[in-house]
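Heads up: the structure comes next, in structure tokens.
What follows is calculated from the coordinates using simple rules that are stated; it is not laboratory data. Values in this document were obtained by computation on a predicted structure and should not be read as measured data. All Cβ positions, glycine included, derive from the backbone under ideal geometry; neighbour counts span all protein chains shown.
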């Protein structure tokens, strides 16, 4: 049926090509019935299996395997590796040990966020930067070349597979042995499986706990997935993916959605990851020291938006109070557990106090909203 | 119906968010019934309206408006602008005039392709680099910072709208006046429309001829589209987009599909755009001089693949001869006008001669293929 009823049209499908790279696990997630993808670091990232809400309830109760291969690694190796990685971030890396993961806001010379990866220190002269959605590789290569640093920068054949949910420890112990339970948060170790060396970290983009298993050989992807999936049958494992509802409830930020190059880490509530004065060499150091003296002009916050369930935004929704623009909502979704719309947004100076009541301009009409902490859970 | 018949499942849809940015023309292309999108430079790029073949026939006969906002601009300004742009490319820019567009392969220190943009020289100290799908901004910023160059690098609010097809001149003349017909290939000029300054270039990602109109204020996007679309009624204008069939027929390469960081410009058949010896300062100069002395180890080519219509690949298809791997097909589609499958791929040394017969491993069985020139038309 053709007609003017544009709402009844099918939503546009995703055209795929080599440029929207498949992963070592794509065959498996497609066999499990992935219903929606996004493109992240030029790679397929599943976003829905059964439904956003069914996936959410399952994630909070059981355990899921997530194909997060799109968290590509920027590998930095060589005598200048530490100096180069410290150039990138206002987080002080001087106390970082081999085997640690650090959440590392990455900034440009103006203090604007370029990415918010987890950095793994594999050796004194070797790091993996597990990136969000921007070609950070090019920034790091550009700096290394421009400054003639003695460091090799590349994207190795490394693809993370996340095991997330309250039963993640049980599943991992079944495959890797009981000792894996002793791995501390944001620590990693190497493990062997069928002759392959995997890096296993206690980390992941949910608040339900879990691990990320860094596959180092794409051709072993199917076998790794199958091994975990089979062992997971005892724990009701399913294929899953980062879940929009769960991550907003938990206050987990999404680069490109909740923050961009326009924002400093301080505006993103990431001040606790900045020891700018001690981050000697960080390219954004001067700009961030100035910005932190002046204080942030806007701040990221949670919001509870009143009324019935909203469809998630595909572009920012303006926040008003009276007739004044005071910010924007960047992520929002209905939370079944909180029985309200939970959201993340940025509010201008003077409007970000907890409990402030503002108005959000949604495509479904204006809605009252209350400012809250980022983490709803 | 649930079941094991995975072929009958709906193809995964594209999940959208702020991170997959809408464009100044998204409302208009959606009103025109866009059926598929891809994500390109973190932005929506339409790929199908009526159907791949219907869009193709129309493009080759009439005129279309294309939302190619995803060709983001890396703007380089300042006293060191020319030096910085020359750092990026083995093309000799010393003779480039204001008002010219240059197709500029961009390479890293190993000579590997980072992007293949069109560069516009707006002034002696100001360039736009109209990029393919990689965050070239970060590479340029990294180099500028690392080398402490006196140049500002940013992504301005500029969104190209392409007018493509044999009747493009007629449509453009109806809106901008007859004088626009005199604009030469790969030249641009500023034009005024309703008080807005637009940059109009004779360029575009088709072999049918046409223009790219660089919008410099997103809020004017709807009005610009409407003006062109209305004037186009006399010329059977439709909403369109870069067409997979037409671009393979014409031998137009797609960065990320037909070439990656693994390839030199020479392997991509782009040697004519490299004057490496004269490109003093180019960061890949030493590597490319060495590579060109050794000669390329693989070469991009067209291929005609025998048999019935193929579904385009979502990952490279191996090319064999006897039992030897000799290359891969990266783009392929059925051409209604040539009545065969046309393809682009890379062949190893010894196998790229025109007329060579090879075998392509497709998901639909092995097919015989004949090596040809890149441009089929």
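Details
- Length released on extending from residue B:197 to residue B:320, taking residue separation times 0.36 nm less the Cα-Cα span: 39.0 nm
- Number of partner chain Cβ atoms within 10 Å, mean per residue of A:19-30: 3
- Rounded to the nearest 500, the 222 nm mean residue ellipticity of the protein assembly as shown from helices alone is -5500 deg cm²/dmol, with -39,500 (n - 2.57) taken per DSSP H run of at least 4 residues.
- Modelled FRET efficiency - R0 41 Å, residue A:150 with residue B:297, Cβ distances, 0.05 increments: 0.90
- Each other copy places its own label point for residue B:125 at 4.3 nm from this one, sorted shortest first, where the point lies 7 Å along the Cα-to-beta carbon line.
- Where N is the number of residues in the protein assembly as shown, Cα Rg divided by 2.2 N^0.38 Å: 0.95
- A Förster distance of 25 Å, applied to the separation of the beta-carbon atoms of residue B:339 and residue A:157, puts the FRET efficiency at 0.05.
- 10 Å Cβ neighbours from other chains, averaged over peptide A:112-122: 1
- log10 of Debye I(q)/I(0), alpha-carbon scatterers only, for segment A:167-240 at 0.16, 0.24, 0.27 Å⁻¹: -0.54, -1.30, -1.57
- Calculated Rg and Dmax of segment A:299-377 using C-alpha coordinates, Å: 11.1, 33
- Looking at segment B:258-326, the pairs of alpha carbons with a distance over 18 Å make up 52% of the total.
- With the label put 7 angstrom out from Cα along the Cα-to-Cβ vector, residue A:227 ends up 6.3 nm from the copy partners, going from closest to farthest.
- Base-10 log of normalised Debye intensity for segment A:17-109 (one unit scatterer per alpha-carbon) at q = 0.23 Å⁻¹: -1.10
- Each eigenvalue of the Cα gyration tensor of chain B, multiplied by 5 and square-rooted, gives one semi-axis; in descending order these are 32, 29, 19 Å.
- Normalised by the number of residues in chain B, the mean separation of alpha-carbon contacts (under 8 Å, six or more apart) gives a relative contact order of 17 percent.
- Ratio of Rg to Rh over segment A:208-268 (Cα coordinates, Kirkwood Rh, two decimals): 1.11
- Based on the Kirkwood approach, the hydrodynamic radius assigned to segment B:126-212 is 15.0 Å, with every pair of different Cα atoms included.
- 10 Å Cβ neighbours from other chains, averaged over peptide B:311-318: 3
- With contacts taken as Cα pairs under 8 Å and at least 6 residues apart, segment A:299-377 reaches a relative contact order of 39 percent.
- Both numbers refer to the Cα atoms of segment A:196-343; Rg and Dmax are 20.0, 61 Å.
- Cβ-based exposure ranking for A:175, A:39, in which fewest neighbours within 10 Å come first: A:175, A:39
- Along its principal axes, segment A:1-159 has C-alpha extents of 63, 38, 28 angstrom, given from the largest down.
- Full-stretch length increase - residue A:184, residue A:230 - with 0.36 nm per residue and alpha-carbon distance subtracted: 14.0 nm
- Each copy carries a label point for residue B:110 at 7 Å from Cα along the beta-carbon vector; from one copy to the others these points are 3.2 nm apart, nearest first.
- Counting only DSSP beta bridges whose two residues both lie in the protein assembly as shown, roughly 90 percent are antiparallel.
- Counting beta carbons within 10 Å around each of B:141, B:227 and listing the fewest first gives the order B:227, B:141.
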